[in-house]
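Down below is the structure, laid out as structure tokens.
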Amino acid sequence: MFRRQAYQTWLTLIGYALAALYLAAPIHGALSSRFLGEEAGDVYEMARHIWWFRTALPGGYDVFEHSLLAYPEGSPAAQLWAHPLQWFPMWLFAFVLPLPAAYNIGTLLTLVLNAWSMYLLARRKLATAQRFPAFIAGLVFMSLPTIQGHLLEGQVGLLVQWPVPLLIIFLFDYADDGGTSRFLIATLLFTAGALGDAMQIFYVLLPLALMFVLARVYHRDYVGALRVMAVALAGSLCLLLYVSPILADYLRHLGSVGATDRIDRSIDLLGLVSPSSDNPFWQDVAAHARKFAGADLGYTASYIGLIGGLLALFGIFFRREARWWLFVALATWALALGPLLKIDDRVLSGSIAGYDAVVPLPYALFVNLPWFDMARSPARFMLLFAPAFALLAGYGMAVCCSGRWIQRRSPRLQFGVALVFALLLLEDYKLFAAFPSVPAEVPREIHNLRRRRDIRAIYNAPYDDDTAAKEALFLQTAHGKPLIGGVDARLTTVGHARLALLAKFHPSLLLDSGADIVIINKARAIETGQMDLLQWRARQGLGAPIFEDQRYAIYDTPVSRERTPDAYSPVAGLQSHLTYIYKEQPGWLEFNAILEASNRRVRLSLNDSPLETLEVNGRIPLSMPLPIARRGYHTFLIALDPPCPQRIDTSLLQCPRVTVENASIEVLSAGAIYDPIRIEDGIILAGYLLPQAPDGELFKIRLWWRFESERSAADVRFVHVLDEQGRPVSERPADHNFGMIPAGSELTETVTLDQSKLEAGVYRVLTGWYALPQAIRYDVLTDVDGAQDDTIVLGSVRISE
């Protein structure tokens, strides 16, 4: 069908380029004004990081340090180092093209390269002189809905699949014939396969190598199996060496994902036969038939197509060599289904002998293995399914093209049939009639901020919405100013307490942080239900906006002599309750609330340091002293211990939670509180507060303990009260042991003294620790009042008549 002529290579590339434009239509008319992808995806974040390359290189900045994010500290740009092929050649194009054009052309070029590399693989494996079957294999590879889904969500690094078919070519060559040059090229391609996204090593490269090894062992080609293992090992070591400078930062970016998230990120059992209902090719069918939830429009899309599926069946039935690729496709499809079987976007569950039951799948065997647990999105195993299925379709096309009906037709008719066939294939695979895109226009007033030299940084609100955070990154490409926040791979190094409390728009907090400008993303604020609150806070703290349209409102931060000595913001979650706190000076605070739960243990912590564990059954009042040893932002957490177990079907989850009501913060003192007093065996009195006046009938003594070694029930804390003659009073607080306390822990406590049971006079209060069973006091190592008696004198309180 396609004869060996000089123009055919270029004709093939042009064909793939036209197919890429056809899939992405109508972007060809807006290459410089819109970005391919959906608003909720990573498009704006990608665009900002491409802009950063263009800005940092000529400006002399460190490209691999986000110096314009997380003002003033900056943040490491681990993703930029780890995934060079994710940004190249887009950042190079950005030096001569508008940012949207650089991004769009770069992504389309990636699709063309994917198709071309698959074409080369298919030419090697299909064993036919005709080029059209290989062309179809490349076309399927570039246009499968799972590939379009990654384009839709702006996950360009995972679109970089062109090293994989080339790797397959050289794995076959090296496994069969050996050779140093083949080994080096295969190793280089294995490494390159993960330079678009390092997670490719788990989703594509290692599973591919494993299947090669299994096939060689099955055929008793042990030398070939060892050669493939050598390539995988050498490639993995090269990748590890490459990412080693930023490995710690990169692993922190990966975060953790629960069982429910992995189900959401897996494909549906019906996805293979579920076309997109937004595809005009299938709209009439979708109007009269049930719409499968499996027809996902994101990267979990797994539709194989009516035409592609038939071609694959032809290849499987008529070409024996295609069946190994069927094994690869089935194995990766099974992994992409995730840990549990999902039908119509719901986990298939039932009841067996009164117990809830689900259908586990092979992925569940590996999900918690070391390193493999970083593969958080099972649907991405479809990236290995894609080349296997493309080859199956290529085999099927080779079967069709070898038929007499095709062979006897004129070349022009053959070309016409091929063109119609390719168009029908693309129509079958399209996710949308018009591929989504997002605007690249930014209001002129935001561009004008670039000229202002009085702006140190910009704070963007809302801070807690992923889409708003990514759009804030894109706005930086217009104004060029540092951001207080800023995300990289959806994460920020800025403390959530700081971001949350700056959203109260207290001028002193904003100015102390360097936020001279506040930009409210009105569209995102409306979507998240925060618009009324943010506008009210802006009116109260910032005044009138200097610019406002339907998308954004820009405010200057006013200079104010009024300081904000303290602020707090409670945030309730399903299994925890957070309180973000700001305190201008060190000192003591007291958190007051009502806790309600049914036989649940609750852990309290301040800045990730555990303070106390409570048993909550019913409604109980909580009054927790909080020692704030430094000025700035802090986080107080109330969390279930242990947390509710992760379940796939949360409707079946019976897990009592804790509710927090009437939360409030009371300021007890201001000034330095950290004055550690060391006691024997790693006990430290880090601070205390002895009030000068009672709270009603009670004197409340706050103590802050730290433990460098673990404590047991044999360790007892005492608080003694001595009268003016130095005699202990009978109405003193009871001695207390805190049970098992791990090394490195902290705790705070409030010890009460009832003044109604004491006569008028001055009383000294002292504390210390002793060990059972001999009740021998631990030595006080710091030279303080009472140390000679192995006690710490906290001070005196006066009881009035």
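The values are calculated or read from the model by the stated rules, or taken from the named source; none is laboratory data. Since the model is a prediction, treat every value here as computed from it, not as a measurement. Here the Cβ positions follow ideal geometry from the backbone for every residue, glycine too, while neighbour counts run over all protein chains shown. Only protein heavy atoms, including side chains, enter the accessible area calculation; ligands, DNA and RNA are left aside. Shrake-Rupley method; radii C 1.70, N 1.55, O 1.52, S 1.80 Å.
Laid out as a table, the results:
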| item | result |
| --- | --- |
| Given (1) farther than 17 Å from Ala234 by Cα; (2) at pLDDT below 95; (3) in contact with a helix residue (DSSP H, G or I) (Cβ under 9 Å, 6 or more places away or on another chain), index of the condition Ala129 fails | (3) |
| Enumeration of residues in the range 450-474 that are surrounded by fewer than 18 Cβ atoms within 10 Å (Cβ to Cβ), in contact (Cβ under 8 Å) with a residue 60 or more places away in the chain and not in a loop (DSSP other than H, G, I, E, B) | Asp466 |
| Candidate set from the range 683-716 (those that are of a type in the set (Gly, Ala, Ser) and more than 38 Å from the chain's Cα centre (by Cα)); member that is nearest to Ile799 (Cα to Cα) | Ala693 |
| Subset of the range 522-549 (residues that are open to solvent by 60 Å² or more (accessible area, probe 1.4 Å), more than 28 Å from Phe636 (Cβ to Cβ) and either in contact with a Gly (Cβ under 8 Å, 6 or more places away or on another chain) or not in a strand (DSSP E or B) (or both)) | Ile526, Glu527, Arg539, Ala544, Ile546 |
| Counted residues, the range 746-777 - those being outside any strand (DSSP E or B) and either crowded, with 18+ Cβ neighbours inside 10 Å or in contact with a Gly (Cβ under 6 Å, 6 or more places away or on another chain) (or both) | 2 |
| Candidates Leu189, Leu184, filtered to the one that is farther than 22 Å from Ala331 by Cβ, in a helix (DSSP H, G or I) and of a type in the set (A, V, I, L, M) | Leu184 |
| All positions within the range 58-91 that are part of a helix (DSSP H, G or I) and free of Cβ contacts under 8 Å to residues at least 24 places away in the same chain | Pro58, Gly59 |
| Among residues of the range 554-580, those that are under 29 Å from Leu606 (Cβ atoms) and of a type in the set (Asp, Glu), counted | 2 |
| Scope the range 111-126; condition touching a helix residue (DSSP H, G or I) at 6+ places or on another chain (Cβ under 8 Å), aliphatic (A, V, I, L, M), open to solvent by 10 Å² or more (accessible area, probe 1.4 Å) and over 19 Å from Leu419 (Cβ atoms); matching residues | Leu120 |
| Tally, over the range 210-238, of residues that are closer than 29 Å to Thr110 by Cα and surrounded by 23 or more Cβ atoms within 10 Å (Cβ to Cβ) | 4 |
| Top-ranked residue in the range 571-593 [being small (Gly, Ala, Ser) and touching a strand residue (DSSP E or B) at 6+ places or on another chain (Cβ under 8 Å); ranked as surrounded by the fewest Cβ atoms within 10 Å (Cβ to Cβ)] | Ala572 |
| Any pair with Cβ under 9 angstrom, 6 or more apart, that starts in the range 531-550 at a residue that is free of Cβ contacts under 8 Å to residues at least 60 places away in the same chain and ends at one that is assigned to a helix (DSSP H, G or I) and open to solvent by 50 Å² or more (accessible area, probe 1.4 Å) | none |
| Where Gly196 falls short, out of the listed (1) open to solvent by less than 20 Å² (accessible area, probe 1.4 Å); (2) assigned to a helix (DSSP H, G or I) | (2) |
| Residues (in contact with a helix residue (DSSP H, G or I) (Cβ under 7 Å, 6 or more places away or on another chain) and of a type in the set (A, V, I, L, M)) located in the range 543-558 | Ala553, Ile554 |
| Lone unmet requirement of (1) of a type outside the set (Asp, Glu); (2) at pLDDT 90 or above; (3) surrounded by 22 or more Cβ atoms within 10 Å (Cβ to Cβ) for Gln79 | (2) |
| Any hit, the range 733-741, residues being touching a Gly at 6+ places or on another chain (Cβ under 8 Å), touching a residue at least 24 places away in the same chain (Cβ under 8 Å) and open to solvent by 50 Å² or more (accessible area, probe 1.4 Å) | no |
| Some residue of the range 500-515 being in a strand (DSSP E or B) and either in contact with a Leu (Cβ under 6 Å, 6 or more places away or on another chain) or closer than 18 Å to Phe636 by Cβ (or both) | no |
| Within the range 440-449, considering residues that are open to solvent by less than 30 Å² (accessible area, probe 1.4 Å) and under 30 Å from Ala24 (Cβ atoms), the one nearest to the chain's Cα centre (by Cα) | Ala440 |
| Residues of the range 485-499 satisfying the condition of being of a type outside the set (A, V, I, L, M, F, W, C) and either part of a helix (DSSP H, G or I) or buried (at least 23 other Cβ atoms within 10 Å of the Cβ) (or both) | Gly485, Gly486, His496, Arg498 |
| Residues satisfying the stated conditions in the range 339-383, i.e. under 20 Å from the mean Cα position of the chain (by Cα) and surrounded by fewer than 11 Cβ atoms within 10 Å (Cβ to Cβ) | Asn368, Leu369, Pro370, Trp371 |
| Residue among Leu424, Leu419 that is modelled with pLDDT under 90, of a type in the set (A, V, I, L, M) and open to solvent by 10 Å² or more (accessible area, probe 1.4 Å) | Leu419 |
| Criterion: over 25 Å from Ala572 (Cα atoms), open to solvent by 10 Å² or more (accessible area, probe 1.4 Å), touching a strand residue (DSSP E or B) at 6+ places or on another chain (Cβ under 9 Å) and not acidic (Asp, Glu) - qualifying residue of Pro482, Pro507 | Pro482 |
| Checking Gly41 against (1) of a type outside the set (S, T, N, Q); (2) open to solvent by less than 50 Å² (accessible area, probe 1.4 Å); (3) part of a helix (DSSP H, G or I), the condition it does not meet | (3) |
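Okay, residues lined up against (1) of a type in the set (D, E, K, R); (2) over 27 Å from the mean Cα position of the chain (by Cα):
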{"residue": "Phe421", "(1), (2)": "no, yes"}
{"residue": "Glu427", "(1), (2)": "yes, yes"}
{"residue": "Ser437", "(1), (2)": "no, no"}
{"residue": "Ile455", "(1), (2)": "no, yes"}
{"residue": "Lys470", "(1), (2)": "yes, no"}
{"residue": "Gly480", "(1), (2)": "no, no"}
{"residue": "Lys504", "(1), (2)": "yes, no"}
{"residue": "Ser508", "(1), (2)": "no, yes"}
{"residue": "Ile517", "(1), (2)": "no, yes"}
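Condition check ((1) in contact with a Lys or Arg (Cβ under 9 Å, 6 or more places away or on another chain); (2) within 17 Å of Ser623 (Cβ to Cβ)) across all residues:
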position: Val667; (1), (2): yes, yes
position: Ile673; (1), (2): no, no
position: Pro691; (1), (2): yes, yes
position: Trp704; (1), (2): no, yes
position: Glu710; (1), (2): no, no
position: Glu746; (1), (2): yes, no
position: Ser756; (1), (2): no, no
position: Leu766; (1), (2): no, no
